[in-house]
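Have a look at the structure below, then the notes.
The values are calculated or read from the model by the stated rules, or taken from the named source; none is laboratory data. What you see is a predicted model, and the numbers here were worked out from it, not measured in a lab. Ideal geometry is used to build each Cβ from the backbone, glycine not excepted, and the neighbour counts take in all protein chains shown. We work out accessible area using only protein heavy atoms, side chains counted, and drop any ligands, DNA or RNA first. Shrake-Rupley method; radii C 1.70, N 1.55, O 1.52, S 1.80 Å.
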Amino acid sequence: MVYYIIRSRTDGKYLTARVDDGTSGYLLLFKEDFEALSYLNTHAADLASRLTVESVPSTQVGGLLKRWGFAGVGIVNDPLLPEIEFLKNI
């Protein structure tokens, strides 16, 4: 399976969601590239030119979590609301 992530063009950081201040955040994963673009256009239209959508195979997600120290992933089920399912990294 392939997921789509949003990344900064300027510093390479990934778009994350923070559920509390004590964590490093949850990496947001989208099931389709157009869902990531919809999320950007709806919630960060003023920043969209500084962000890009990239694909990542599900086999590489664990490595990203370890390398960047994310608390887990947030799978975006509806980019417009947004509805996100948070899964903690174990």
Out of all the residues in segment 24-34, which are open to solvent by 30 Å² or more (accessible area, probe 1.4 Å) and not charged (D, E, K, R)? 24, 34
Over segment 41-57, the set of residues at pLDDT 95 or above and farther than 13 Å from residue 6 by Cα is 57
Here's a check for you: in segment 68-90, which residue that is acidic (Asp, Glu) and open to solvent by 50 Å² or more (accessible area, probe 1.4 Å) is farthest from residue 18 (Cα to Cα)? 83
If you go through 37, 65, the only one that is part of a helix (DSSP H, G or I), open to solvent by less than 40 Å² (accessible area, probe 1.4 Å) and free of Cβ contacts under 8 Å to residues at least 40 places away in the same chain is 65
Part of a strand (DSSP E or B), open to solvent by 20 Å² or more (accessible area, probe 1.4 Å), touching a Leu at 6+ places or on another chain (Cβ under 9 Å) and among the hydrophobic types (A, V, I, L, M, F, W, C): does that describe residue 53? yes
